[in-house]
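The values are calculated or read from the model by the stated rules, or taken from the named source; none is laboratory data. Treat the numbers as computed from the prediction; the structure is a model and nothing was measured. Please note: Cβ atoms are built from the backbone with ideal geometry, for glycine as well, and neighbour counts cover all protein chains shown. Heavy atoms of the whole protein, side chains included, go into the accessibility calculation; ligands, DNA and RNA do not. Shrake-Rupley method; radii C 1.70, N 1.55, O 1.52, S 1.80 Å.
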Amino acid sequence: MSTNLLAGKRGVIFGALDDKSIAWKVAERCVEEGATITLTNAPVALRMGGIQELGEKLNAEVIPADATSEEDLEKLFTQSQEVLGGKIDFVLHAIGMSLNVRKKREYTDLKYEWMQKTLDISAISFHKVMQQLYKMDAMSDWGSILALSYIAAQRTFPDYSEMAESKALLESFARSFGYHFAEKNKVRVNTISQSPTVTTAGSGIKGFQEFFDYADKMSPLGNASAEACADYCVTMFSDLTRMVTMQNLYHDGGFSNMGMSPKLLEE
């Protein structure tokens, strides 16, 4: 049910690949709540996924951009402001990729060239996005920028590999850049630490089903779905959360505060 929580707002959504993507669900909910958006992903991802279909459904322009390229990001935000008719009110960074994980390299035998690419795509791209928005003065006052994280930034999940370090860096960038953006024009920057979620990217992680099942049993509310995460993102993009910034916000059914679950003890 729509409440027009984002009526009149303009946004840019990174990372929608297919209808399993959290970014896909966020895009749908933002438009349902009255926002107009542009969609973006790397050119290779545009060829692989169904983002053009989503763009047609939501009447949203799809703009190819490599989030690790400052030139691409400048073009993206310039074109988005032209298409949307003004400055940007909200941005979602939902980008993550590890060749070491894809190639099933053990954490004790990582290929460092791949690790650098992981950090660039999964974390440093977030800083590049914010720096470009900051330099271009492309964000509206009291705007909202979000990135998707995971609790492996704080705890050890061996099969998550160097993506854990990427998420820790991502969260640090939100705190550090959040200060500067708040000082500049009251833009808030936060990360959402989401439950394990069945997405095309997430399902490729070794032992993902075990991750998912364990978290679901440990969490008193169970795992948060992609649809629930989209609802949370909408709230964070809205004016109802104007004083929340530089935070890592757990959206995980209570998992992050649990020590042991009776459900696991019963097994």
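Would you calculate the separation in nanometres between label points at K117 and D19, each defined as 7 Å from the Cα along the Cα-to-beta-carbon direction?
In this crude spin-label approximation the distance works out to 3.1 nm.
From the backbone phi of region 20-27, what are the Karplus-calculated ³J(HN,Hα) couplings (6.51 cos²θ - 1.76 cosθ + 1.60, θ = phi - 60°) in whole Hz, Gly and Pro given as x?
With the stated coefficients, region 20-27 comes to 8, 5, 4, 4, 4, 5, 4, 4 Hz.
I'd like to know which of Y150, L110, G207 lies farthest towards the positive end of the charge dipole of the chain, counting +1 on Cβ of Lys and Arg and -1 on Cβ of Asp and Glu.
Farthest towards the positive pole: L110.
Of N257, S225, L240, which is farthest towards the positive pole of region 113-267's charge dipole, taken about the Cα centre with +1 and -1 on the beta-carbons of Lys, Arg and Asp, Glu respectively?
Of the candidates, L240 comes out farthest on the positive side.
Out of the total accessible area of the chain (probe 1.4 Å, heavy atoms of protein only), what percent is carbon and sulfur? Present the calculation step by step, with values, prior to reporting the outcome.
Details: 6380 of 12460 Å².
Solvent-exposed carbon and sulfur of the chain make up 51 percent of the total.
Taking H placed 1.01 Å from N in the peptide plane, check which residues at least 5 places from A16 or on another chain put their amide H under 5 Å from its amide H.
T40
Keeping every protein chain present and rolling a 1.4 Å probe, give me the accessible area per residue for region 62-151 in Å². Can you show the working numbers first?
Values: 4100 Å² over 90 residues.
With the other protein chains kept in place, region 62-151 gives 46 Å² per residue.
Counting alpha carbon pairs within less than 8 Å and at least 6 residues apart, what relative contact order, in whole percent, applies to region 40-81?
Values: 31 pairs, mean separation 16.4, N = 42.
Rounded, it is 39 percent for region 40-81.
Which of T40, G85, A7 sits closest to the plus end of the dipole of region 1-85, meaning its Cα is farthest towards the positive end, when Lys and Arg get +1 and Asp and Glu get -1 on the C-beta?
Of the options given, the answer is A7.
What ³J(HN,Hα) values, in whole Hz, does the Karplus curve 6.51 cos²θ - 1.76 cosθ + 1.60 give for region 215-231 when θ = phi - 60°, with x put for Gly and Pro?
Each residue of region 215-231 in turn: 5, 5, 6, 6, 8, x, 9, x, 5, 7, 7, 4, 5, 5, 5, 4, 4 Hz.
Excluding ligands and nucleic acids, what accessible area in Å² is computed for H251 using a 1.4 Å probe, to the nearest 10?
The accessible area of H251 comes to roughly 30 Å².
Just to check I understand the Karplus step: with θ = phi - 60° and J = 6.51 cos²θ - 1.76 cosθ + 1.60, what whole-Hz values come out for region 114-120, glycine and proline as x?
Here the 3J(HN,Hα) series is 5, 4, 4, 5, 4, 5, 5 Hz.
With r defined as the distance between the Cβ atoms of V44 and T156 and R0 fixed at 30 Å, what FRET efficiency is calculated, to the nearest 0.05?
Details: r = 31 Å, r/R0 = 1.04.
Efficiency, from the Cβ-Cβ distance: 0.45.
Report the relative contact order of the chain, percent, no decimals, based on alpha-carbon pairs under 8 angstrom and at least 6 residues apart. Walk me through the numbers before you get to the answer.
Working: 511 pairs, mean separation 51.3, N = 267.
Relative contact order, the chain: 19 percent.
Restricting to Cα pairs below 8 Å that are 6+ residues apart, what does the relative contact order work out to for region 99-173? Please round to a whole percent. It would help to have the intermediate numbers written out before the result.
Details: 60 pairs, mean separation 32.1, N = 75.
Normalised by residue count, the contact order of region 99-173 is 43 percent.
Counting Lys +1, Arg +1, Asp -1, Glu -1, what net charge surrounds P158 among other residues with beta carbon under 10 Å of its beta carbon? Present the calculation step by step, with values, prior to reporting the outcome.
Numbers: positive: K206; negative: E106, D159.
Its environment carries a net charge of -1.
Can you list the residues, at least 5 places off or on another chain, whose amide H is less than 5 Å from the amide H of M97, using H built in the peptide plane?
For M97, whose amide H was placed from the backbone, the distant partners under 5 Å are S122.
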